[in-house]
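Coordinate-derived values only; no laboratory data. Keep in mind it's a predicted model, so treat the numbers as computed, not measured. Methodologically, a virtual Cβ is constructed for each residue, glycine included, from the backbone with ideal geometry; neighbour enumeration extends over all protein chains shown.
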Amino acid sequence: MSPRITLPRGVAMAQQTMLDCDVARVQQPDPHAAASSEATQDAPPVLHRARAQTLPRIRAMAQPIPALVEPQRTRPPISLVRVAPYRPRDRERWARRVLNIAVAAVGLVLASPVMLVIAALIKLTSRGPVLFAQTRVGLDRRSLSHAGGNTRRHIDQGGKPFTMYKFRTMRPARPEDQQTWALPDDARVTPLGRVLRQFRLDELPQLFNVLMGHMNMVGPRPEQPTIFVYLREQIEGYQWRQRVRPGITGLAQINQGYDTSVNDVRSKVRYDLEYIRRQSALEDTKIMLRTVPVMLLRRGGW
């Protein structure tokens with residue numbers, strides 16, 4: 001059953017008046033037929049065709065009928081993209097980058113005699129190169145907060161890979177060896193390498209990585225690509241560490257030692273995310289000052 005629609009009063013009266021006029025015109029008798037009504041009494045009546053009339057434009061008809069007009073509804077915008085909690089950019093300013101370059105340059109000048117002695121001892125005590133070069137996962141500059149464009153790489157490695165340098169503390173690895181963490185009683189570690197790892201002196205060549213722009217003095221430690229993919233699946237929020245440039249030392253390094261299990265990494269991730277939230281030049285300076293007693297007192301090293 002269709003709903004009844006009530007027309008405005010002005011429209012209803014106008015339509016009724018015009019309807020009566022048209023009916024009157026159709027039923028009006030012909031004057032010639034009335035004069036000879038007797039002659040044509042038996043003839044059938046002649047009906048005149050009504051001519052269509054244009055309805056006069058009434059002001060009330062120009063107004064829309066409220067019952068036929070659907071009110072416009074404002075719908076809230078729908079967002080199909082979840083905004084990332086950490087911006088996909090390196091949040092350091094030029095002053096902070098200058099601070100990292102200055103500290104790395106001064107550190108290389110002061111540590112160059114020690115680095116020369118370490119290089120000579122490594123060459124004399126074991127076979128293999130002095131420096132250990134390894135691919136690590138670096139800064140992730142991809143934009144994940146807006147749709148459109150190629151925002152994902154074809155091979156997602158979590159960040160831009162770079163080559164990190166360290167003093168070699170283990171025997172040279174074979175090509176078929178898998179990427180694994182070093183353990184406290186690892187047989188691959190050399191006697192000299194064990195001393196270097198206790199004082200964290202094997203990290204000194206990474207000052208060159210700071211000068212090349214791959215790392216900062218302070219930041220989350222970079223991980224190997226294979227281990228990174230595994231940890232990203234095991235630890236929630238692990239990939240957010242790559243939203244800032246990795247560092248030689250960090251808030252996690254001065255509070256914990258080397259990683260030996262997933263639980264150790266999970267605890268370090270909380271420190272890394274806390275550092276990202278309050279990252280600043282002042283915070284970096286505090287962490288660098290706290291790193292000195294960690295190295296001298298061999299805290300967390302083995």
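Proximity of backbone amide H atoms, modeled 1.01 Å from N, is registered between Gly247 and Asn216, Gly219, Arg221 at under 5 Å, excluding neighbours fewer than 5 places apart on the same chain. Using 0.36 nm per residue and subtracting the Cα-Cα separation, the extra length available between Leu297 and Ser112 on full extension is 64.5 nm.
How high is the FRET efficiency between Ser267 and Leu131 when r is their beta carbon distance and R₀ equals 35 Å, given to the nearest 0.05? Working shown, then result.
On the way: r = 30 Å, r/R0 = 0.86.
For R0 = 35 Å, the calculated efficiency reads 0.70.
Across segment 281-296, the residues whose backbone nitrogen lies under 19 Å from the label position 7 Å along the beta-carbon direction of Ala105 are 285.
Each 10 Å bin from zero up to the one holding the largest Cα-Cα distance in segment 94-296 carries the following percent of pairs: 8, 33, 38, 17, 3, 0. Modelled spin-label separation between Leu124 and Asp186, with each label point placed 7 Å from Cα along the Cα-to-Cβ direction: 2.6 nm.
Highest mean packing first, where packing is the average number of other Cβ atoms within 10 Å per residue, the peptides 111-117, 188-194 line up as 188-194, 111-117.
Peptides 164-173, 209-218 ranked from most to least packed by the mean count of surrounding Cβ atoms within 10 Å: 209-218, 164-173. Could you work out how far apart the two model spin labels at Ala173 and Tyr258 are, taking each label as a point 7 Å from the Cα in the direction of the beta carbon, and quote it in nm? Distance between the two pseudo-spin positions: 1.3 nm.
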